[in-house]
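Every number in this text was worked out from the coordinates using simple rules, so none of it is lab data. These figures come from a predicted structure and were not determined experimentally. Note that we place each Cβ from the backbone using ideal geometry, even for glycine, and neighbour counts take in every protein chain shown.
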Amino acid sequence: MTWLTWRQFRVQALSVFAALAAVVVVLAITGPDLVGRTSFTDVDFLFGGTMLLMYLLPAALGAFWGVPMVARELETGTHSLVWNQTVTRRRWLATKLGTGVLAATVAAALLSVAVTWWASPIDALASAERQSSMLNRMAPPVFGARGIVPVGYAVFAFVLGVAAGIVLRRTMAAMAVTLVAFAAVLLAVPFLVRPYVLPPTDETVPITEQNLKQIIGDESGVLEAVTVEEPAGAWVLTNETVDASGDPVRPLPAEVQHCIPAPGEGEPPDRQSVVTCVSQLGDLGYQQQLTYQPGSRFWPLQWMETGLYLLLSAALSWFCFRHLRRLS
Amino acid sequence: MTVLRAQGLGKKYKRRWALSGCALDIPAGHVSGLVGPNGAGKSTLLNLAAGMLTPTAGTIEVCGGVPGSGPGQLAKVGFVAQNTPVYPGLTVAEHLRLGAHLNPRWDDALARDRVDRLGLDPAQHAGKLSGGQRAQLALTIGLAKRPELLLLDEPVAALDPLARREFLADLMEAVAEHGLSVVLSSHLVSDLERVCDHLIVLVDSQVRVVGEVEDLLDSHLRLTGPRRDLDTLPADQHVVSASHTDRQTTVLVRAEAPVLDPTWTVGRLTLEDLVLAYMSNPTAARPALEVLR
């Protein structure tokens with residue numbers, strides 16, 4: 001069964017690995033150059049590109065490895081040839097799932113190791129600076145493109161493709177469903193699951209001239225909110241002003257609304273005077289509430305999220321085996 | 001010994017019963033023809049026997065086991081589906097390799113010999129074979145698997161008349177050589193006449209008649225005589241079909257004893273006459289007839 005599975009799978013497998021090899025070569029050439037630098041603006045394209053690639057890979061594995069593995073057999077009727085050899089359906093599916101999961105793990109691990117290594121100088125700088133404008137590795141788009149979670153994504157996407165193929169029995173429809181469902185899960189997890197798997201750190205800090213980072217107003221000149229400097233390397237969930245009793249205040253209280261003149265009234269004030277004016281908030285008893293996942297939780301969160309995806313994959317596999325009996 | 005036994009077997013697709021109340025016993029060592037009009041449930045019965053489908057009602061036992069229940073059972077039963085599926089991207093040689101990898105009892109010599117004899121190029125991709133060649137390849141895999149029972153769903157439908165004859169001859173040879181039992185379906189009786197020594201007629205998802213061809217031909221007679229009422233026939237003569245003209249009555253009967261009435265001219269039937277008579281009279285909802293020795 002292994003021979004047949006590999007024979008059917010080898011073209012797709014080898015083309016993905018060839019593409020990955022090309023990417024690894026590019027990263028290996030450009031990577032050493034990044035060590036020790038303090039500005040990475042010239043590699044924005046590669047930085048964004050590798051990140052995108054980390055998400056495209058699992059999607060591609062789901063659609064082009066997972067779906068055809070079963071859907072193509074059901075579509076062309078060849079399942080009735082192979083199921084009538086001395087091979088049970090369960091063994092047939094187990095071999096296919098096993099081969100695919102192993103290949104997906106290797107592919108995702110390979111790319112993730114290469115990208116994580118390549119981007120390590122960038123990530124280190126982004127995590128070290130409090131005022132960094134760069135995305136640190138705790139930021140959702142980067143988090144999913146580093147470490148071990150890409151392996152979880154790849155395995156999940158592959159099994160999802162197989163399951164969609166078993167249910168829909170049509171390659172094209174199953175590919176579409178796989179891509180949509182994978183994207184939905186990928187987007188839902190950072191919003192609905194990841195912030196809460198570990199209780200986030202709550203911190204209330206005074207608002208001072210020194211830590212004021214951003215002042216946000218609307219078009220009519222009403223001051224909406226301020227943010228303060230955030231802990232380095234953390235994933236900040238909330239950064240909001242609260243009053244003495246701890247309730248969020250938005251827009252800002254009337255006492256500081258005069259800090260910025262309404263639009264069209266005279267010259268725009270200089271930054272320092274606005275900062276000084278707004279930092280009265282501290283004296284008025286307002287404080288800034290910070291909720292965040294500290295950077296030190298990168299690996300615990302990585303392990304938990306990978307575990308979550310592997311658990312989902314196991315549940316989908318169980319579903320596949322259950323559904324297999326009903327196929328004809 | 002029985003290779004296939006069904007009791008109250010039924011299969012329902014959504015709302016429609018494709019097969020219902022099917023009771024059947026197929027003895028070992030025969031080539032059984034499964035005939036019936038399109039949609040009679042022939043494919044459903046074969047798929048149930050191969051374990052591709054699970055019954056909605058009743059039981060089916062093939063070679064002493066539940067179809068598709070495990071590797072041991074799968075090794076005993078070969079099945080070639082109606083559309084004779086093969087992998088388009090694999091070559092003929094790779095199909096034989098597939099068979100060898102997946103079957104413990106694989107007969108490689110037989111497979112290679114058949115491929116040679118059929119003139120199939122081992123290096124050719126199966127997707128480029130003609131319909132007939134594809135069928136031959138699928139059948140080769142089925143034969144070389146060396147099952148105890150080979151189920152063939154319309155095996156010769158895609159073959160030209162010459163290939164049909166050769167294939168059926170091959171099948172006879174395999175039966176003689178390996179003591180293989182075969183059940184093959186067709187809606188053409190002429191295909192079956194040459195090879196089958198056992199017959200099952202399936203009409204409207206019910207088994208209408210089953211028995212050894214020789215016994216069926218011996219017990220079914222065409223009686224021709226002056227027009228008369230069929231109620232006057234003796235109790236051991238069962239009417240299968242009857243037609244009347246102004247003066248004459250022709251009746252096809254299953255007779256348990258010799259026909260002694262001198263008013264009848266008694267004639268023998270061909271297998272085709274017999275099958276057509278059963279197939280064209282689906283209205284008579286009588287229980288399945290079993291011919292006993």
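With only alpha-carbon atoms in the gyration tensor, what are the semi-axes of the equivalent ellipsoid for region A:173-216, in Å, largest first?
Result for region A:173-216: semi-axes of 39, 15, 5 Å.
Based on C-alpha pairs under 8 angstrom that are at least 6 apart in sequence, region B:215-285 has a relative contact order of 41 percent. Using Cβ point charges alone (K and R +1, D and E -1), the dipole size of region B:141-293 about the Cα centre works out to roughly 360 debye. What percentages, rounded to whole numbers, describe P(r) for region B:86-177 computed over all alpha carbon pairs with 10 Å bin width beginning at zero? With a bin width of 10 Å, the distribution comes to 17, 53, 29, 1.
Model label sites at B:T59 and B:K12, defined 7 Å from Cα along the beta-carbon direction, differ in position by 2.1 nm.
Computed over region B:2-204, relative contact order equals 30 percent, with contacts defined as Cα pairs under 8 Å that lie 6+ residues apart. Estimated from the Cβ-Cβ distance and a Förster radius of 51 angstrom, the FRET efficiency linking B:E166 and A:A315 is about 0.45. Ranked by how many other Cβ atoms sit within 10 Å of their own Cβ, fewest first, the residues B:K14, B:K76, B:K128 fall in the order B:K14, B:K128, B:K76. Per-residue shielding of B:79-86, expressed as the average number of other chain Cβ atoms within 10 Å of the residue Cβ, stands at 5. For chain B, the residue among B:S190, B:G10, B:C63 whose Cα projects farthest onto the positive side of the dipole built from Cβ charges is B:G10.
Each of A:V256, B:H95, B:A157 was placed along the dipole of the protein assembly as shown (beta-carbon charges, centred on the mean Cα), and the one lying farthest toward the positive end is B:A157. Sorted into 10 angstrom bins from 0, the C-alpha pair distances of region B:2-204 split as 9, 37, 36, 16, 2 percent.
Nearest 500 deg cm²/dmol is fine: what mean residue ellipticity at 222 nm does chain A get from its DSSP H runs of n ≥ 4 alone, each adding -39,500 (n - 2.57), divided by its residue count? Per the formula, -18500 deg cm²/dmol. Only DSSP H runs of four or more residues enter the estimate; each adds -39500 (n - 2.57), and after division by the residues of chain B the mean residue ellipticity at 222 nm equals -9500 deg cm²/dmol. Taking N as the number of residues in chain A, what is its alpha-carbon radius of gyration divided by 2.2 N^0.38 Å? Chain A yields a ratio of 1.29. Please compute P(r) over all alpha-carbon pairs of region B:215-285, binned at 5 Å starting from zero, and give each bin as a whole-number percent. Reading the bins upward from 0: 3, 16, 30, 27, 18, 5, 0. Apply 1/(1 + (r/R0)^6) to the Cβ-Cβ distance of A:N211 and A:V113, taking R0 = 41 Å, and write down the FRET efficiency to the nearest 0.05. With R0 = 41 Å, the Cβ-Cβ based efficiency is 0.65. Under the convention that each Lys and Arg Cβ holds +1 and each Asp and Glu Cβ holds -1, the size of the dipole of the protein assembly as shown around its Cα centre is about 2100 debye.
Remark on region A:23-89: Rg and Dmax equal 21.2, 63 Å (Cα only). Residue order for A:D247, B:D204, fewest other beta carbons within 10 angstrom first, comes to A:D247, B:D204. I need the Debye-formula profile for the protein assembly as shown: one equal scatterer per C-alpha, no solvent, reported as log10 I(q)/I(0) at q = 0.11, 0.12 1/Å, two decimals. At q = 0.11, 0.12 Å⁻¹ the computed log10 ratios are -1.06, -1.17. If R0 equals 25 Å, the separation of the Cβ atoms of A:E129 and A:D283 corresponds to a calculated FRET efficiency of about 0.30. For region B:2-204, lysine pairs with C-alpha atoms less than 28 angstrom apart, excluding pairs fewer than eight positions apart on the same chain, total 10.
For region A:33-160, the Cβ-based charge dipole about the Cα centre amounts to some 580 debye (Lys, Arg positive; Asp, Glu negative; other atoms uncharged). Site pair B:A109 and A:T204 shows an inter-label distance of 9.1 nm when each label is modelled 7 Å from Cα along Cα→Cβ.
Residues A:S220, A:S296, arranged from fewest to most other Cβ atoms within 10 angstrom of their Cβ, appear as A:S220, A:S296.
Mean separation of Cα pairs under 8 Å and 6 or more residues apart, divided by the residue count, gives region A:1-154 a relative contact order of 38 percent.
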